[in-house]
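To start, the structure under review is shown below, and the notes come after it.
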Amino acid sequence: MFPIQIRDLRFSPNGRAVLDGIDLELGSEGITLVLGPNGAGKSMLLRVLCGLVAPTGGTIAWGEGARPERGVMMVFQHPMLLRTSVLDNVALGLKPLGVPAAERQRRARAVLERIGLAHRASENAPRLSGGERQRLALARAWLTRPRLLLLDEPTASLDPSAAAEVERIIREIRTDGTRILMVTHNLGQATRLGDDIVFLADGKVCEHTPTQRFFTRPQSTQARLFIQGELPWRMAF
Amino acid sequence: MFTSTFADALTLLATFDARVAEIVWLSLKVSGGAVVLGTLIGLPLGACLAVGRFPGKGAASVLVNGLMGLPSVVVGVVVYLFLSRSGPFGSAGLLYTPTAMIIAQTLLVIPLMAAIARQVVEDVWQRYAEELQVMRFSWWQSVTTLLHDCRHSLVVAVLAGLGRAMSEVGAVMIVGGNIDGATRVMTTAIALETSKGDLPLAIALGLVLILIILALNALAFALRQWAMRRYA
Ligand SMILES: Nc1ncnc2c1ncn2[C@@H]1O[C@H](COP(=O)(O)OP(=O)(O)OP(=O)(O)O)[C@@H](O)[C@H]1O
Ligand SMILES: [Mg+2]
């Protein structure tokens with residue numbers, strides 16, 4: 001499945017280019033963070049990658065043959081929560097894979113242990129807090145052992161400790177062998193988690209570099225301005 | 001005259017009059033049976049209309065919505081034609097039996113229940129569609145998942161079906177024949193007794209009908225309150 005080679009990827013539904021010729025290569029390991037201003041096309045890039053939206057141009061070449069049927073998962077900023085228990089919500093991820101119900105529950109319980117929500121397995125999911133919802137959604141995706149996991153602002157509107165917990169889980173999922181592509185607006189998080197940074201603006205990749213170089217020596221003007229715009233906020237901490 | 005009629009009606013109820021009890025029981029069996037079948041067919045049908053992507057989906061939704069207001073006598077006549085001796089299912093000998101009444105009422109409530117289910121499920125589907133697609137849910141898995149998720153709201157569809165079935169006269173009159181002790185239900189009995197001038201029995205049955213419908217709605221209200229507290 002890797003490397004994934006994205007060439008000249010375009011999505012311009014009614015003439016307006018949301019993705020305007022994306023070129024990107026993703027190797028088989030690590031966490032790649034996608035940064036960029038609002039409306040840059042970050043969420044759209046993830047949705048095209050997981051097959052929700054068909055691009056209007058360009059190619060995605062999946063290495064080692066084709067893209068596996070269930071190899072790509074995505075966690076949304078506002079995860080869906082069914083009106084049932086936390087356990088059943090997590091087990092849901094295995095339903096399309098034809099795993100028997102008892103086994104689904106067993107595996108869901110195991111993954112709930114790892115994200116620290118096991119003690120709340122039988123509670124009603126819609127009652128969870130924002131941070132707990134995000135962890136539930138991560139667990140639901142993790143359970144299916146995806147090769148590539150797409151995360152859209154998983155810590156937006158979470159308090160620092162909830163965000164830290166989500167970051168811990170993301171690291172664990174990576175250690176488990178899942179490739180991660182994640183959108184964030186939090187530059188501190190980008191330095192903590194990212195192996196490399198993709199900077200997107202106006203539907204184009206302006207820069208794709210290792211994290212440290214991105215923050216010390218950004219190549220593109222847009223990235224430099226973006227970092228500078230955010231820097232005073234970062235140093236306040 | 002007016003008050004004495006009411007007093008007689010209340011006496012009938014207070015003494016658990018056997019005639020009243022028999023009629024009420026048959027009503028519950030027929031309409032209950034129709035709603036069980038209507039639930040098994042109408043709710044999945046509505047959910048399929050909400051989730052499915054197929055040519056003619058819009059037309060199918062319009063058709064279901066249109067059939068929602070179908071006059072019950074029309075359903076009665078159609079079922080009559082199919083079940084009458086010369087009809088395609090005449091040999092089954094179902095005409096003027098409770099089974100025929102269940103069939104007619106089932107056909108009557110399916111569009112109503114399907115239309116309500118489609119609306120309820122569609123709203124939730126809008127919010128869940130992308131995630132279910134990413135998890136590679138088949139459309140049938142989506143249908144069953146959504147039906148389960150909407151179970152508390154779908155009670156409304158079931159109740160609407162039950163209300164429609166219990167209060168209709170035309171279809172059961174035509175295919176049941178209003179035979180005393182065999183196919184006489186509350187609505188047909190009320191129509192007959194009123195025309196015969198036995199108003200106390202008609203009013204007693206009318207009161208029972210209203211009470212049943214009120215009780216069901218109170219139950220549904222309580223259930224929704226409970227669900228809202230639990231999942232809010
Ligand atoms: N289905 C769609 N069809 C057409 N345009 C769309 C569609 N979905 C989103 N857009 C547009 O594409 C642009 C990029 O949207 P996208 O959600 O990818 O931005 P983003 O980089 O994720 O921004 P944010 O940081 O605010 O989340 C927006 O202007 C949006 O209005
Ligand atoms: Mg976005």
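Each value in this text was obtained by applying a stated rule to the coordinates, not by laboratory testing. The structure presented is a predicted model; accordingly, all values stated were derived computationally and were not measured. Note that we place each Cβ from the backbone using ideal geometry, even for glycine, and neighbour counts take in every protein chain shown.
Worth a mention:
- Residue-averaged 222 nm ellipticity for the protein assembly as shown, from DSSP H runs of 4+ at -39500 (n - 2.57), nearest 500: -19000 deg cm²/dmol
- The GluC sites (Glu not before Pro) of region A:36-122 meeting both criteria, a DSSP state outside H, G, I, E and B (loop) and at most 12 other C-beta atoms within 10 angstrom of the site's C-beta, are A:E64, A:E69.
- Put the Cα centre of region A:93-117 next to the Cα centre of region B:45-104 and the gap is 42 Å.
- Inter-part distance, region B:173-232 to region A:4-75, computed on C-alpha centroids, equals 59 Å.
- Taking a point 7 Å out from the Cα of A:Q5 in the direction of its Cβ, the residues of region A:24-50 whose backbone N falls within less than 18 Å of it are A:24-29.
- Gyration tensor verdict on region A:136-217 (Cα atoms; rounded if a/c is under 1.5, prolate if a/b is larger than b/c, oblate otherwise): prolate
- The amide H of B:M135, built 1.01 Å from its N in the peptide plane, has no neighbour under 5 Å, considering only residues 5 or more places off or on other chains.
- Shown is the FRET efficiency for B:W25 and A:S122, computed with R0 = 41 Å from the Cβ-Cβ distance and rounded to the nearest 0.05: 0.50.
- Cα shape, region A:110-180, gyration tensor, a/c 1.5 rule: oblate
- Rounded, prolate or oblate (a/c below 1.5 giving rounded, otherwise prolate when a/b exceeds b/c) for region B:2-226 by Cα gyration tensor: oblate
- Protection proxy ranking of A:84-92, A:166-174, by the mean of other Cβ atoms within 10 Å over each peptide's residues and highest first, is A:84-92, A:166-174.
- Cross-link partners of B:K29 among lysines, defined as those whose alpha carbon lies under 28 angstrom from its own and excluding same-chain residues fewer than eight positions apart: B:K196.
- Along chain B, the longest continuous region that contains none of the trypsin sites (Lys or Arg not before Pro) in a DSSP loop with at most 12 other C-beta atoms within 10 Å is B:86-232.
- Selection from B:A7, B:L211, B:V156, by position along the positive dipole direction of chain B (Cβ): B:V156
- Note, ³J(HN,Hα) from phi for region B:126-140, Karplus 6.51, -1.76, 1.60, rounded to Hz, x at Gly and Pro: 3, 7, 9, 3, 4, 5, 5, 5, 4, 7, 6, 5, 6, 5, 6
- Virtual spin-label span in nm between B:T144 and B:L81, 7 Å along Cα→Cβ: 3.8 nm
- Cβ-derived FRET efficiency at R0 51 Å, A:E103 paired with B:V36, nearest 0.05: 0.95
- Remark: the A:T216-A:E64 segment gains 51.3 nm on full extension, using 0.36 nm per residue and subtracting the alpha carbon distance.
- Neighbouring Cβ atoms from other chains, within 10 Å of the Cβ of residues in A:30-40, number 0 on average.
- The mean number of partner chain beta-carbon atoms within 10 angstrom of a residue's beta-carbon across peptide B:122-135 is 5.
- Close amide-amide hydrogen proximity is noted between A:T84 and A:A125, each under 5 Å apart and 5 or more residues distant or on a separate chain (H modeled in the peptide plane; Pro and chain starts excluded).
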